Structures are given as C-alpha cells and as structure tokens.
1. What residues have an amide H closer than 5 Å to that of residue A:427, excluding those fewer than 5 places away on the same chain, when H is modeled at 1.01 Å from N in the peptide plane?
2. Out of residues 5 or more away from residue A:337 or on other chains, whose amide H comes under 5 Å of its own, with H placed 1.01 Å from N in the peptide plane?
3. Rounded to the nearest Å, what's the spacing between the alpha carbon centres of the range A:252-315 and the range A:528-574? Just the number, please.
4. Using a Cα distance threshold of under 22 Å, what count of lysine pairs results for the range A:283-418 when pairs must be 8 or more residues apart or interchain?
5. Can you classify the range A:370-431 as rounded, prolate or oblate using the Cα gyration tensor, where a ≥ b ≥ c are the square roots of its eigenvalues, rounded means a/c under 1.5, and otherwise it's prolate if a/b beats b/c and oblate if not?
6. If I compute solvent accessible area with a 1.4 Å probe over the protein chains, what percent of it on chain A is carbon and sulfur?
7. Helix A:595-613 versus the longest principal axis of chain A: what is the Cα-based angle in degrees, 0 to 90, to the nearest 10?
8. Treating the beta-carbon of each Lys and Arg as +1 and of each Asp and Glu as -1, no other charges, what is the dipole magnitude of the range A:283-418 about its Cα centre, to the nearest 20 debye?
Amino acid sequence: MPNSKPCQTSTGCMCTWNPTTGPIKPNRNTAMRMSQLFSQTLREAPADAQSEGFALLVRAGFIRQIAAGIFASLPLGLRALRKIEAILREEMNAIGGQELSMPVVLPADLWKETGRWYTVGAELARLKDRNERDLVLAMTHEEAVGDLVRREVQSYKQLPRLIYHIQTKFRDDPRPRAGLIRVREFSMKDSYSLDSSWEGLDRQYRAHYQAYFNIFRRCGLPVISVKADTGMMGGNLAHEFMYLNPIGEDTIILCEACGYTANRQVARVRKPTPPTEAPLPLEKVHTPRTKTIADLAAFLQIPEARTAKAVFMTASIPTGQEMTDQLVMAIVRGDMELNETKLSNVVNAKELRPATEEEILASGAVPGFASPYGLHDVLVVVDDLIPNSPNLVAGANETDYHLKNVNYGRDYATPLVADITAAGAGDACPECGSLLQAERGVEVGNIFKLGTWFSKALGCTFQDENGENQLVIMGSYGIGLGRLLGCVAEEHHDANGLIWPESIAPYSVHLVLLPGKQNALPQETAEGLYNQLTAASLDVLYDDREENPGVKFNDADLIGIPLRLTVSGRSLENGGVELKLRNRTEREIIPLDAVVSRTQSILAALHAELQAAAVLVDYHE
RNA sequence: CGGGGUGUAGCGCAGUUGGCAGCGCACCGCGUUUGGGACGCGGGGGUCGGCGGUUCAAGUCCGCCCACCCCGACCA
C-alpha cells in the first residue's frame, strides 16, 4: 500500500489508512477485537448436539456442522487447532520427526498395488478425473508414504527416518456420530517410521509411546494406553491411547489391581478351571423350545457353563484377489460370549457378519440346535476352554433335541482351537486374576508396528551393509486433531461454558471492557492495555462490543479463555483491573502498571503446570 | 444397509377440522439502561427440505425422493 499512512481515525488504533478504502483494521495474528470476530455465540445449542462439550463448541462459535460428519472450524476453533498442531510438531520434532506434506487425492493405482482398492469397502471414497482415471481420497497415507519411500530410500545409510504430516483425510463412514468424535472428514497428524531393523522399529515405537503421552498431557487430556487389535495389516503390535468417557465408542477392559488394560477387541481373561470328569457316554435328550442357552440351561436345570454355544458367522476371506464367503461355526462355553474380532483374526477374515438363517440351513445345521456333526463346508473354530471342559450339552442338529456329554476330541475336533471369548466386567484378569472393569473410551491416538506389509506390497527396499536388498520396516502413528479438541472440550467445561487448558486456548487473555457512562477512562485504559498486552506477545481477545456486562461475562465464560481481565469504572475506582481465572471463583484487583507482568506470570505458571505433566511414563505392552 | 425419529426465519420451537406463516432468542434503527444474557418503541428476514398428486384452496392430506439425528450393522 504505497499511499498508506498511520490511521488518523481513532485513538490507539494501529491500522493503516488507505485513501481509497478508508481505515483497514489490522489483523495482528495475536489479538482480536470481539466486535470484529467472524462468529457469534449462541444462546441455545442446536437440538441435535450430542454431548455437552460438543454443544459448547458450537454455542461458543468454535465449529459449525456443514454435513453429516463434516465440520467447518471458525476462527476460535482454528486457533485452538493450531495450538494443538504446534504441540504435535514440537513433540514429533523432538523424537526426530521431519515434517512433509502428502496429497489428499491419490491415484488409485497405488491402492491397487497394496490391494486395498479391492479390499476396503465403501468408506474409501473413489472418484475419477476428467480422463476417467481412478482416484481416491486418502483415508490414511501408508500408500503415499510407501510410494515416496521407494523413490527416496535406497541405502541402509538413509535409515532410520521418521516422517510426519498433518493432513486432511476422508473416510466415508456409514454412520458419523457424536459430534467431533466420529466424523468423515478430519485432520490427522500421522507419522511413519522407517527402519532397517526390528530393534529400530521398537525404538521409534517406544519414542512415540512417550511422545503421545507428552502430547495429550500438554493438551490437558488424561489418557491411558491400551493394547489394541492389529487387524489385517500384518502388524505385530499396536496400542491405542484412550480418553475414558461415556461418549466413547470403544470398550476398554482394565484391571485396577495390576494395571492390565486392553481394548475389548483383544482383551484376554483368565478362564475358569473346568471340572475334571471322566467323559460320559453321549446321550440324546428331548429339549423342546430351547433355542437359547438360557432356555436350555433352565430346562435341564444345569448351569450355562455346562453347555456349549454355537455361533454362526459368515466370513469374507481373501483368496488371491478374490473374496470368498465362508460359513464359520464358533463354539464357546454357554456362559461366555464370542469376541468377533478374535474370531475374525483366527480365520483370517476381512469381514465377518452374522450368518443368515438360509446360510446356516444350507450347511446342514439346525439353528438353535446346532452342533458340529454332519455339517459340510463349515469352518469350525473352538474356544480354547472347550477341549478341557468335559461333558457339555450341545445341539443335536435336530429340532428340539440336544446331546448331553459332548466331549471335544472324542466326539469332534478341529484344527482351529483358539481364544475367541469376549472379556467383560466381572471376568478374571488374565495377569493377576482380580475382577476386571469395563469402561467406555475414545481412541484419540494409536501407534502401530506395521512391519513390512506395505513395504512388500509397494517394493520399498534398501541395500544393507552386505549389498542385500531388504524390506523397509515401517510403523505408523496417528492422532486426530478434531477428535482431540472434542475430547478436551468434553473433559474441561462446566455449566457456563468451556474451560481451556492454557496450552490450547484460542487466546490466553480475555480483556473485557465495561465502559460505563461517567467518562472515557475505562475505554482508554482498556485500549491501552490491549496494546500493551499485544506488544508483550500475549494472545488477547478484547471484548470491545457495546453489550451489557452480563452478556460479556457470559460470553467470556462460554468461550472459556483461561484468564479474564475486566476494566470498568468500578475496577478503576478500586485501584486497577479485575483479574479472574476461568477455573477459579476468586477475583482480585491488579494495579494498572502490574497487569502485564502479572498476566505473564500467571500464564507462565499455567503453562508450566501442563508442561510438568509431560513426565516419563512406564512403557508396557 | 436394517429399525426408529425429525425437517417451518441464523438458533430453539408452535401452527387446531385443509382457509392471509407465527412465538422466543438473535439481527437492524431510535431511546433508556450499564458488574452476570436489561427494557420500551419501530423494523428486516420464509421456495414451510424437494418433486409430483388430491382440492376452489395444502405447512397441514397422499405418493416418491433428499437431508439430518438416534439404535444396530460397520469402523486401516
């Protein structure tokens, strides 16, 4: 702006004057006048807001929903996300991470190379460009990383490396829900470790384990780490970082006595010791109208533990490029439940769903009275407790009949014997035998030893010291930013609004002006403070609006900035500016000349408190 | 994809037997008020989710579709 000169229109204004357009309000990135802010607070939350934290984020003007599972971040929300990003970058860089950026739109060819173009369902968004070439919207970036790695990495001298980016992803989830917790479009920090040895992978994995605790604690979010399912990707170890809260979609099994924690998908239990009995002869009994285990146990007057339960599932199992549907009969003891994730892993299934009645009948089984005799084309999987449990009652494969004294080994057998039972509250801890608890949790981060699955699929190799070609050993590590923000809002709020941890608050100081009518002193004081605080590099949100005091205080509470300064005729008469912390009830008057230094020292203390929480944690698998 | 629910102003909602589209908050103007969502007066704002049908007349009745929410299935 060649003709610009200092603003001549208002006192203390730092804008420049453009002769053609008039004054242009500066957008000093650290400060904002609320009269200029692009968003408004809402007195009522949208009726369909699904949790308190989410409702407050909407009411306070941080986010707006655009479509199912798709959100816009307003300036306040984006500033909070930017602060989370800064923490992510610090902690990633601290463990040797190098930031880069990978595209959201990827050629389908890459996904065809790994096979995921074929194996991933409709949650992978597919599109075509103008030349009819297939493209995908990245739902994760292993393919993109692999492609880069095979281009860049040739030698063991280029390993290990850690790369990461913060990027948008899209997963066309069949059912987005719970506000920011489960969305379709989201920003994620994902890092990828590249190693020449498994020891190297373990080092980077453990470094992430610690870094993730640092990140969440610096954001003020309490999390626990749990062992997680590694799924189909050939990985051999995964942890999830869980924020325990009823809004969570995952069930966490934990033992207060010894600290065992696991996602219910992989949680083990210490199974009861079955009675030792000699096998008795098979006996067919008439058991009318006993299609459920409860009915059967009641009819025969035996505990459910003396029965065997057959659950029919249909598994999609990859055979080459094709998927084959395979009927699976899973047998667990009658008092236990089937864990579908475990079963899925045992049979190597890509998908697993309850079998239809037709599918069951086609195999020769009778639903409700099924047993593993006389069946065809059925994969039988037996829980590892069954072979030790003698003389169980099982179906006779005939309507209204069951068999007593069924014994695994004598009466039937299968190569697939494994732990396929679900853990639940009240079961015995697999480590110490104490009673397990079950809690709901939100997965805010995960770390995953991928191994060589992607390297193999994409040809990511390097030459080792001996000139031999080896596969790059990979790990992947993710944190969803919006989900993290949503969890922090869930954790830190009260009836009046949000209460941001200092580290991720969109602004550090909320300066409230109550101008009054007597004189211009409050206004001039507030403007002066605004400039002083900004000059001291503090993030200031300045409520210069013409609103009633009640409106301003309520909005301040709603937005939840950690430290509030109020300038009014009354405060000045009392000797200065009123200072109040959002999470405290006390207020105190600070002399004008001490406001900046006092504000700085309080914020520094709040900051130090969060930093101090980022301590070394014990690593346990 | 199955089951249920809701679509009327920016947000929250009412709208009777089919008969001029309403209320509260928010927004604009004027005035009063000024330490916890204050008051008065005057305003602006609608393809009643969409398309089709019945009817003299449809927010309202019928059909189809769409969107959003909840439960389930699903979730590298």
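1. A:436
2. A:422
3. 63
4. 7
5. Values: a/c = 1.99, a/b = 1.66, b/c = 1.20.
Note, shape of the range A:370-431 comes out prolate.
6. Of the solvent-accessible surface of chain A, carbon and sulfur hold 49 percent.
7. So the inclination is approximately 10 degrees.
8. That gives a dipole near 380 debye.
The values are calculated or read from the model by the stated rules, or taken from the named source; none is laboratory data. Because the structure is predicted, anything quoted here is derived from the model rather than measured. Heads up, the Cβs are rebuilt from the backbone with ideal geometry, glycines too, and the neighbour counts pull from every protein chain shown. These area figures cover heavy atoms from the full protein model, side chains too; ligands, DNA and RNA do not enter into them. Shrake-Rupley method; radii C 1.70, N 1.55, O 1.52, S 1.80 Å.
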